[in-house]
């Protein structure tokens, strides 16, 4: 069993936060403490990130198994008795929590997808022409660029990725500084782990999972996000009409940093409206 690091704050209805590519718990900490004024918030380091042990290869199936293994079932708050846990995933983390909902439905009562996309890229090998023409996502060539340059200059590649997350933001410099401080608080994941995460983003297509969910789902997107196009929100709603779609117009890929108050308000309303 892989050692998975976690930190928990507050009391109340449980919510688990799963971070994005190359990140760790530190990216959440201040935001988690805001949420923890109302809920029991658990943050986890993905395998090979932060203080968590590495798994090789890093696959979606193994990530989901490791996270579910360390998060105990909660007493059911809902009539359905779905374990009482809301899983919130940001970016790559949104892909992970969708996979957990698919593989372990009894452990998930609701989902929050924060700047996430069930099919992260367009133009990936194996995707249908219909997918490429109609779905909104990130250009797969950009992920290929990151994969190529990880071996040449890992830190510069990560910095490039961080800068994309705040592109177009009026307070870009301050946000980028905060991101750098948080990300480099701990050692950078090794290249195999980083490459595994990119492979998941490139290959995973969880649209069938999203369309088949029968639990409450909230999606939060930034209107200025350059990695997850805001247009994908309507596509997701077409797949799951019951989905709650929230757009923070002036936010980018990190709304929990740039617009923490609005993000907390959206999550709180969702958590309180659902009897989870």
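The values are calculated or read from the model by the stated rules, or taken from the named source; none is laboratory data. Remember, predicted model here, so these are calculated numbers, not experimental data. Backbone-built Cβ (ideal geometry, glycine too); neighbour counts: all protein chains shown.
Listed residues 115, 94, 74; which is over 18 Å from residue 193 (Cα atoms), at pLDDT 95 or above and in contact with a strand residue (DSSP E or B) (Cβ under 7 Å, 6 or more places away or on another chain)?
Working: 94 fails: over 18 Å from residue 193 (Cα atoms); 74 fails: at pLDDT 95 or above.
Exactly one of 115, 94, 74 is over 18 Å from residue 193 (Cα atoms), at pLDDT 95 or above and in contact with a strand residue (DSSP E or B) (Cβ under 7 Å, 6 or more places away or on another chain), namely 115.
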What are the residues in the stretch 264-276 that are in contact with a strand residue (DSSP E or B) (Cβ under 8 Å, 6 or more places away or on another chain), over 20 Å from residue 225 (Cα atoms) and outside any loop (DSSP other than H, G, I, E, B), if any? 270, 271
What do you reckon, is residue 40 modelled with pLDDT of 95 or more and closer than 19 Å to residue 240 by Cβ? no
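One line per residue, one yes/no per condition, for (1) closer than 27 Å to residue 259 by Cβ; (2) surrounded by fewer than 18 Cβ atoms within 10 Å (Cβ to Cβ); (3) at pLDDT 95 or above:
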| position | (1), (2), (3) |
| --- | --- |
| 150 | no, no, no |
| 158 | yes, no, no |
| 162 | yes, no, no |
| 179 | yes, no, no |
| 192 | no, yes, no |
| 216 | yes, no, yes |
| 226 | yes, yes, no |
| 242 | yes, yes, yes |
Go through the stretch 228-242 residue by residue and tally those that are over 13 Å from residue 101 (Cβ atoms) and touching a helix residue (DSSP H, G or I) at 6+ places or on another chain (Cβ under 6 Å). 1
Do we have any residue at all in the stretch 29-43 that's buried (at least 21 other Cβ atoms within 10 Å of the Cβ), within 25 Å of residue 191 (Cα to Cα) and in contact with a helix residue (DSSP H, G or I) (Cβ under 7 Å, 6 or more places away or on another chain)? yes
When you scan the stretch 51-62, do you find a residue that is at pLDDT 95 or above and touching a strand residue (DSSP E or B) at 6+ places or on another chain (Cβ under 7 Å), even just one? no
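Restricting to the stretch 245-263, give me the number of residues that are part of a helix (DSSP H, G or I) and either touching a helix residue (DSSP H, G or I) at 6+ places or on another chain (Cβ under 6 Å) or surrounded by 17 or more Cβ atoms within 10 Å (Cβ to Cβ) (or both). Reasoning before the result, please.
Filtering the stretch 245-263 for residues part of a helix (DSSP H, G or I) gives 255-258, 260-263.
The next check asks that each one be either touching a helix residue (DSSP H, G or I) at 6+ places or on another chain (Cβ under 6 Å) or surrounded by 17 or more Cβ atoms within 10 Å (Cβ to Cβ) (or both); those that pass are 255-258, 260, 262-263.
Count: 7.
For the stretch 12-30, give me the residue count where each residue is assigned to a loop (DSSP other than H, G, I, E, B) and either in contact with a strand residue (DSSP E or B) (Cβ under 6 Å, 6 or more places away or on another chain) or closer than 20 Å to residue 98 by Cβ (or both).
The first filter runs over the stretch 12-30 and keeps only residues assigned to a loop (DSSP other than H, G, I, E, B), leaving 12-13, 19-24, 28.
With the extra rule that they be either in contact with a strand residue (DSSP E or B) (Cβ under 6 Å, 6 or more places away or on another chain) or closer than 20 Å to residue 98 by Cβ (or both), the set shrinks to 12, 19-23, 28.
Final tally of qualifying residues: 7.
Answer yes or no as to whether residue 276 is modelled with pLDDT under 95, within 30 Å of residue 52 (Cα to Cα) and surrounded by 23 or more Cβ atoms within 10 Å (Cβ to Cβ). If you could, list the steps in order and put the result at the bottom.
Values: modelled with pLDDT under 95: yes; within 30 Å of residue 52 (Cα to Cα): yes; surrounded by 23 or more Cβ atoms within 10 Å (Cβ to Cβ): yes.
Judged against the criteria, residue 276 is a match.
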With the requirement that a residue be surrounded by 24 or more Cβ atoms within 10 Å (Cβ to Cβ) and closer than 28 Å to residue 159 by Cα, what does the stretch 7-18 give you? 16, 17, 18
Subset of the stretch 202-214 (residues that are at pLDDT 95 or above and touching a strand residue (DSSP E or B) at 6+ places or on another chain (Cβ under 8 Å)): 210, 213
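Looking only at the stretch 31-45, which residues are touching a residue at least 60 places away in the same chain (Cβ under 8 Å) and either within 13 Å of residue 90 (Cβ to Cβ) or assigned to a helix (DSSP H, G or I) (or both)? Walk me through it before giving the result.
Filtering the stretch 31-45 down to residues touching a residue at least 60 places away in the same chain (Cβ under 8 Å) leaves 31, 34-35, 38-39.
Correct list: 31, 34, 35.
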